[in-house]
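The values are calculated or read from the model by the stated rules, or taken from the named source; none is laboratory data. This one's a predicted model, so the numbers in the text were calculated from it and none came from an experiment. Virtual Cβ from ideal backbone geometry, glycine too; neighbours counted across all protein chains shown.
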Amino acid sequence: MKNFDNASTTKISKSALDSYNWASEFFYNPSSLYAPAVKGKNLIEEARQYFLKTFKAKLNSTFIFTSSATESNNAVFNSCFTRKDKTYLIGSGEHSSIYEQAKNYLQLGYDVKFIPLTDNGGVDILELEKMLNDKVAFVSVMHVSNETGAINDITKISKMIKTKYPNVIIHSDGVQAVGKVEINLKESNVDYYTISAHKINGPKGVGALYIANPNKFKPLLLGGGQEMNLRSGTENIPGIVAFKTALENIQHKDFSQHKQAFLNNLTGDFKLVSDDKCVNNIISICYKSVRGETIVHMLEDKGYLIGTGSSCNSKAKSNRILSQIVQKEYLPGAIRVSFDESVTIEDCSELAKEISLATQQYIERIKR
Ligand code: PLP
């Protein structure tokens, strides 16, 4: 099977798995006082320092390790949604771990507003600018869209916001950005930034959250006071160590030729959502008159794994994000392919030919 569904998750790399197994020997509780436990604690601190350096974090900021990006995103909302007389602006294309919370807070009576998207699924900065006023307390805009690959210029966005409204708290979900676009937390001046290990060939069940001002953060998980009192729960030493290894081994591969080869070989009546302002490893296309699910199964029979849009939207009746940017007749035919290091340029050409053939066969079949 050739895997073209790497935005939903990735296979743990050998080096990350080796690290995981090695660090599993430090199974002692890091809060204990004897030497092997202290060694485990030190491994976590080394990882934290590595994350701070790699992402060019601000002085006095920190990273906390969590169980997932979903937890990190929930922790941010839990800390920031404090006043019903304030406005909370959320990108319309956010991952469900943001969107579902936004809907929940809206139901609880908070003033939540959604920022419209442009045609490639990125937030519309001009619309965002119009939505800003003295009442806005919080803005959450993802760095890279998991659905379309659109890149939001978070540095530009935070500059635009903070120049006029310095007290607005800015969060960015950077899960799909790691290894794909430059991340400079100091320069982007965001207050919170979310990442996840399993999207970069690390283990599942490990996430992290950058917190620019730890003394302003209200923890989501209360208990034993681990993670500097910011996230209780016994630390996942192997997971954290393997997350660090995954980060160290990111290849920063350029997928522009892969994308080109794929698009050059794609035929039929489709809309390309992922334009040239998107990352090159995620391509969202919508075919007219076909059903994405059927194409996914036809491709699986030919040895290719692809998606019908992001996996968190794959069970929904209609795609909440694409329905904002693609004409109705193209929506059922949504397909998402996403590359990792294992796929070659030739694989991308072949995949496009197979998708073109499958969509053509589908249309001929329903005409009969
Ligand atoms: N945010 C984005 C943009 C994602 O793509 C994902 C993964 O699907 C998540 C958050 C959730 O990540 P996790 O599986 O670590 O909770």
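In this structure, does Ala16 turn out to be of a type in the set (A, V, I, L, M, F, W, C) and without any contact (Cβ under 8 Å) to a residue 12 or more places away in the chain?
no
In the range 198-211, is there at least one residue being more than 15 Å from the ligand (Cβ to nearest atom) and either in contact with a strand residue (DSSP E or B) (Cβ under 7 Å, 6 or more places away or on another chain) or not aliphatic (A, V, I, L, M) (or both)? Yes, the range 198-211 contains at least one residue that is more than 15 Å from the ligand (Cβ to nearest atom) and either in contact with a strand residue (DSSP E or B) (Cβ under 7 Å, 6 or more places away or on another chain) or not aliphatic (A, V, I, L, M) (or both). Could you tell me whether the range 238-246 includes any residue that is buried (at least 18 other Cβ atoms within 10 Å of the Cβ), touching a residue at least 40 places away in the same chain (Cβ under 8 Å) and under 30 Å from Leu331 (Cβ atoms)? Looking for residues that are buried (at least 18 other Cβ atoms within 10 Å of the Cβ), touching a residue at least 40 places away in the same chain (Cβ under 8 Å) and under 30 Å from Leu331 (Cβ atoms), one finds none in the range 238-246, hence no. Put simply, of Asn152, Asn184 the only residue that is touching a Lys or Arg at 6+ places or on another chain (Cβ under 8 Å), of a type in the set (S, T, N, Q) and under 27 Å from Lys259 (Cβ atoms) is Asn184. Those residues that are at pLDDT below 95 and of a type in the set (A, V, I, L, M, F, W, C), I need them from the range 332-362; list them, please. Residue satisfying the conditions is Val343 alone.
Of the residues making up the range 174-195, those that are assigned to a strand (DSSP E or B) and within 10 Å of the ligand (Cβ to nearest atom) number 2. Answer yes if at least one residue in the range 255-276 is within 30 Å of Phe63 (Cα to Cα) and either surrounded by 20 or more Cβ atoms within 10 Å (Cβ to Cβ) or out of contact with any strand residue (DSSP E or B) (no Cβ under 9 Å at 6 or more places or on another chain) (or both), and no otherwise. Yes, some residue in the range 255-276 is within 30 Å of Phe63 (Cα to Cα) and either surrounded by 20 or more Cβ atoms within 10 Å (Cβ to Cβ) or out of contact with any strand residue (DSSP E or B) (no Cβ under 9 Å at 6 or more places or on another chain) (or both). Filtering the range 146-168 to residues that are among the charged types (D, E, K, R) and more than 13 Å from the ligand (Cβ to nearest atom) leaves Asp153, Lys156, Lys159, Lys162, Lys164.
Answer yes or no as to whether Thr155 is of a type in the set (S, T, N, Q), more than 25 Å from Pro203 (Cα to Cα), under 19 Å from the mean Cα position of the chain (by Cα) and in a helix (DSSP H, G or I). Write out each step before concluding.
On the way: of a type in the set (S, T, N, Q): yes; more than 25 Å from Pro203 (Cα to Cα): yes; under 19 Å from the mean Cα position of the chain (by Cα): yes; in a helix (DSSP H, G or I): yes.
Answer is yes for this residue.
Kindly check whether there is at least one residue in the range 119-133 that is within 16 Å of the ligand (Cβ to nearest atom), of a type outside the set (A, V, I, L, M, F, W, C), assigned to a loop (DSSP other than H, G, I, E, B) and surrounded by fewer than 21 Cβ atoms within 10 Å (Cβ to Cβ).
Checking the range 119-133: at least one residue is within 16 Å of the ligand (Cβ to nearest atom), of a type outside the set (A, V, I, L, M, F, W, C), assigned to a loop (DSSP other than H, G, I, E, B) and surrounded by fewer than 21 Cβ atoms within 10 Å (Cβ to Cβ).
For Gly174, the conditions (1) touching a residue at least 60 places away in the same chain (Cβ under 8 Å); (2) within 23 Å of Glu94 (Cβ to Cβ); (3) among the small types (Gly, Ala, Ser); (4) crowded, with 21+ Cβ neighbours inside 10 Å are fulfilled apart from (1). When we screen His171, His143 for residues that are within 22 Å of Ser79 (Cβ to Cβ) and within 11 Å of the ligand (Cβ to nearest atom), the only hit is His143. Of the residues in the range 103-117, none is away from the ligand (no atom under 16 Å from the Cβ), under 23 Å from Asn60 (Cα atoms) and hydrophobic (A, V, I, L, M, F, W, C).
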